[in-house]
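First up is the structure itself, then whatever we jot down about it.
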Amino acid sequence: MLKVAKNKKNVTAGIVNAGKPLPMHSAMEAVKENLITPIFIGDKNEIKKYAEQLKWDISKYEIINESVENSTAPIAAKLASEGKIRIIVKGHIHTDVLMKEVLKREYNLLGKKRLSHIWHMTVDKTSSPLIITDGA
């Protein structure tokens with residue numbers, strides 16, 4: 001999957017409620033692989049704190065400051081609706097909160113194709129990832 005993605009142009013991704021270690025680490029790895037250009041959505045201070053812990057300079061990336069977890073999902077849905085981001089990446093937010101917002105008709109994000117949510121997990125000491133669809 002990584003080989004296929006690397007042959008494509010990177011995409012702008014909204015990292016929803018990004019201010020926790022795992023979303024920041026995942027975003028950093030995706031940036032290193034030139035897969036995404038992130039727009040961080042969440043508590044600006046927390047986002048910067050975790051970036052510093054990772055020794056990652058995020059000064060060239062946009063941060064949309066929103067400290068209320070449930071308020072980050074509407075921001076991401078609106079950005080996607082406006083074409084400012086191509087993918088929504090679930091950070092530290094409940095899946096039901098994020099999906100409820102993404103599925104609202106007002107954002108016009110539902111096309112004629114099936115919408116799916118995936119959970120990608122890499123298990124230590126295995127070469128193949130585990131990918132679960134619609135796990136919430």
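A short reminder: the numbers here are calculations on the coordinates, not readings from a lab. These numbers were taken from a predicted model, which means no experiment stands behind them. Note that we place each Cβ from the backbone using ideal geometry, even for glycine, and neighbour counts take in every protein chain shown.
Taking label positions 7 Å along the Cα-Cβ direction at both Lys48 and His25, the computed distance is 2.4 nm, reported to one decimal. Calculated mean residue ellipticity, 222 nm, the chain: -10000 deg cm²/dmol, from DSSP H runs (n ≥ 4) at -39500 (n - 2.57) each, averaged per residue and rounded to 500.
Hey, got a sec? Which trypsin sites (Lys or Arg not before Pro) in segment 8-55 land in a DSSP loop and have at most 11 other Cβ atoms within 10 Å?
Listed in order of number, the matching sites are Lys8, Lys9, Lys55.
Taking θ as phi - 60° and the Karplus parameters 6.51, -1.76 and 1.60, the scalar couplings of segment 40-55 work out to 8, 10, x, 5, 4, 5, 5, 4, 5, 4, 6, 4, 4, 4, 7, 6 Hz in sequence order, x denoting glycine and proline. FRET efficiency for the pair Lys113 and Asn10, taken as 1/(1 + (r/R0)^6) with r the Cβ-Cβ distance and R0 = 30 Å, rounds to 0.85.
With the simple model of a label 7 Å out from the Cα in the direction of the Cβ, Asp96 to Val123 spans 2.8 nm. Give me the tail of P(r) for the chain as a percent: Cα-Cα pairs with distance above 23 Å. Roughly 33 percent, rounded to a whole number.
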